[in-house]
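Everything below concerns the one structure shown next.
The values are calculated or read from the model by the stated rules, or taken from the named source; none is laboratory data. From a predicted model like this one, the values you see are computed outputs, not experimental measurements. No Cβ is skipped: glycine too gets one built from the backbone with ideal geometry, and neighbour counts run over all protein chains shown.
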2 protein chains.
Amino acid sequence: MDVAVIGGTGAEGFGLALRLAKAGHRVTIGSRDADRGTESAAKASELAGAALEGTDNAGATAAAGGDGVVAVTVPYAGQAEIYRSIKDAVAAGAVVLDATSPLATAVGGRPWQVLRPWHGSAAEQAQAILGEGPRVVAGLHTIAAEALQALDRDVDSDVLLCADDPEAKARAGTLIEGIPGMRWIDCGRLEMARVAEPLTALLVSINRTYKVKDSGFRIVGRDAWGASAR
Amino acid sequence: MDVAVIGGTGAEGFGLALRLAKAGHRVTIGSRDADRGTESAAKASELAGAALEGTDNAGATAAAGGDGVVAVTVPYAGQAEIYRSIKDAVAAGAVVLDATSPLATAVGGRPWQVLRPWHGSAAEQAQAILGEGPRVVAGLHTIAAEALQALDRDVDSDVLLCADDPEAKARAGTLIEGIPGMRWIDCGRLEMARVAEPLTALLVSINRTYKVKDSGFRIVGRDAWGASAR
């Protein structure tokens, strides 16, 4: 699949880009600065043992095309601005996988505190900026950057996906299933991101208390998750 | 330990009372109506194979004493009123384990939607009503009533505990550790309940999508949880 990782020079995005390239997808790392995107892609290609491209955020978004996924892994403080900068480059049919958590660090607060975005969640803000066309899926809030970057071990955490469009959710899910150890859970409509996004803050708090770096979530109660029968 | 289960005639409280009695604690079921508390205790004694007491909410609260735990498992719509009714009965030193989730059902909404309580979380509202003395611990939001009531199998979910007082958190944790399959995770201060309480809604949404009744959470990234070294 063609995948763009917007904010792919950050710790979470870089880890995601590595994992997706390793899984065989054609990954383009996007950055505000095209040169940084290219540099990051060169470094990622070496680590993943697969060729990644790098460019600016709008260029990477366009490269994902209409059958691909645009993964957006940026801090909440810059999220709205970045969505405005890629809006015109999102192809018809594209799925946007938003990983933003509205941590209070955006306003000088602590990473275990969260803000309540005006639209309800950061993902709903993304959908509001993009308008009706592109389909936003919220996810990845429970996946630590450290876990993504540690290519020598599986990722031990589930991804909670929230989206209004089942087909979009399944497309994002396909990416997730391809990363060793990761599963995805259908958590309902996009507005459920209001509950899922703050889980990043909960894991930060747990990491802090127990002095670990990559605590995660597993959903139990069923042997298999992924696409529901519904 | 002496434990009161306020709202112990409800599905969640009744299941908790069963599990705690089975684990050897002296459990008193509280209800708005003392007779219903007594009836519920008789039924629970039969199911658990252990003697439970039953009375009204204030009487049960007093019975927990200062070394015990007052577990409060009531719907959000009635939470404030019930806390006002037990406030004077909470003994000095008691730990209050609040399991309330601010589900939108309180105002005619859906159980996968949540409200934002004025104090930040339902548990912080409880602390505000009780005042400075009693120590509130938020927890149990991730434990389905069905799982608690099914005494023939272990509970497959972790409890996320949030409290300002480490000793109070550890006392509530002792209760949880005694229930087969259950563990507790120190999630930080009481205000972290703002993130933990809405997880009930997320599990309701997952249950609904996959047509299951008792999905749950497990925290991963460390072999043992419970009391942290901190």
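Residue count for segment B:156-168 under the criterion of being more than 10 Å from every other protein chain (Cβ to nearest Cβ) and crowded, with 23+ Cβ neighbours inside 10 Å: the result is 3. If you check A:GLY120, A:GLY178 for being more than 10 Å from every other protein chain (Cβ to nearest Cβ), modelled with pLDDT of 95 or more and under 17 Å from the mean Cα position of the chain (by Cα), only one passes: A:GLY178.
Restricting attention to segment B:203-219, the residues that are more than 15 Å from B:ALA147 (Cα to Cα), touching a strand residue (DSSP E or B) at 6+ places or on another chain (Cβ under 8 Å) and touching a residue at least 24 places away in the same chain (Cβ under 8 Å) total 1.
State yes or no: is A:ALA193 hydrophobic (A, V, I, L, M, F, W, C), under 26 Å from A:ALA94 (Cβ atoms) and at pLDDT below 95? Criteria not met by A:ALA193.
Could you say whether any residue in segment B:36-55 is more than 26 Å from B:GLU132 (Cα to Cα), in contact with a Lys or Arg (Cβ under 7 Å, 6 or more places away or on another chain) and in contact (Cβ under 8 Å) with a residue 60 or more places away in the chain? Yes: one or more hits.
For segment A:177-192, a tally of residues being surrounded by 24 or more Cβ atoms within 10 Å (Cβ to Cβ) and part of a helix (DSSP H, G or I) returns 2.
Residue pairs whose Cβ atoms lie under 6 Å apart, sitting 6 or more positions apart in sequence or on different chains, and linking a residue in segment A:20-34 that is part of a loop (DSSP other than H, G, I, E, B) to a partner that is of a type outside the set (Phe, Trp, Tyr) and surrounded by 24 or more Cβ atoms within 10 Å (Cβ to Cβ), are A:HIS25/A:VAL3. Would a scan of segment B:123-141 turn up a residue that is within 13 Å of chain A (Cβ to nearest Cβ), more than 21 Å from A:GLN113 (Cα to Cα), in contact (Cβ under 8 Å) with a residue 12 or more places away in the chain and surrounded by 18 or more Cβ atoms within 10 Å (Cβ to Cβ)? Within segment B:123-141 (the criterion being within 13 Å of chain A (Cβ to nearest Cβ), more than 21 Å from A:GLN113 (Cα to Cα), in contact (Cβ under 8 Å) with a residue 12 or more places away in the chain and surrounded by 18 or more Cβ atoms within 10 Å (Cβ to Cβ)), the answer is no, since none of the residues qualifies.
Working carefully through the options B:LEU130, B:LEU161, B:LEU151, find the one that is within 11 Å of the chain's Cα centre (by Cα) and at pLDDT 95 or above. Only one candidate passes the filter, namely B:LEU161.
Taking segment B:193-230 as the range and being facing another protein chain (nearest Cβ under 7 Å) and part of a loop (DSSP other than H, G, I, E, B) as the test, the residues that pass are B:PRO198, B:VAL212, B:ASP214, B:SER215, B:GLY221, B:ARG222, B:SER228, B:ARG230.
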